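A short reminder: the numbers here are calculations on the coordinates, not readings from a lab. Predicted model, so just to flag it, every value in this text is computed and none were measured. Quick reminder, even Gly has a Cβ in these numbers, built from the backbone with ideal geometry, and neighbours come from all protein chains shown.
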């Protein structure tokens with residue numbers, strides 16, 4: 001049986017990863033799994049800093065890995081709305097798809113900081129429950145760790161954006 005394909009995303013905070021994930025999941029008729037939704041459900045009101053995020057995301061990833069691999073092995077594609085914004089994060093994605101011999105696509109949303117900050121400001125208004133973490137300060141803290149994907153990492157990358 002043919003495995004499903006894993007699609008995942010790289011892009012700065014506010015680049016539109018979740019929006020694009022939803023669009024692609026619908027278009028591809030794939031299972032969408034959102035880190036934000038799982039974290040909010042499993043650890044409500046626990047994430048207010050980058051350190052909190054790293055802690056709870058680290059607890060979530062082993063469960064999600066097994067779930068995604070099971071779905072892929074069953075022949076269904078998965079769109080994972082989890083950030084692939086650092087080399088370490090991307091290593092986790094590689095393990096997810098390679099251990100079940102699934103195809104993958106890394107969607108890189110390459111947008112300037114100004115666009116991301118505008119989108120974060122808009123999101124604070126549209127989703128007030130995110131206003132504690134969707135701040136310019138959080139953007140700066142997270143962006144310090146951002147590493148665009150490099151060809152030598154070996155991912156199949158689709159690059160979108162770079163608009164001013």
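Full extension of the chain between residue 131 and residue 42 yields a length gain of 30.1 nm, computed as 0.36 nm times the residue separation minus the alpha carbon distance. Extension gain for residue 23 to residue 59 (0.36 nm times residue separation, less C-alpha to C-alpha distance): 10.2 nm.
Computed across the chain, the Kirkwood hydrodynamic radius from all distinct Cα-Cα pairs reaches 16.2 Å. To the nearest ten degrees, helix 17-28 and the longest principal axis of the Cα atoms of the chain are 30 degrees apart.
Taken along the Cα-to-beta-carbon direction at a fixed 7 Å, the label points for residue 99 and residue 74 span 1.8 nm. Placing a label point 7 Å from the Cα of residue 67 along the Cα-to-Cβ direction, the residues of region 22-38 with a backbone N closer than 14 Å are 31-38.
Counting 0.36 nm for each residue step from residue 49 to residue 159 and taking away their Cα separation leaves a gain of 36.7 nm. For the chain, the longest principal axis of the Cα atoms and the long axis of helix 50-73 meet at an angle of about 20 degrees.
Helix 113-126 and the longest principal axis of the C-alpha atoms of the chain enclose an angle of approximately 80°.
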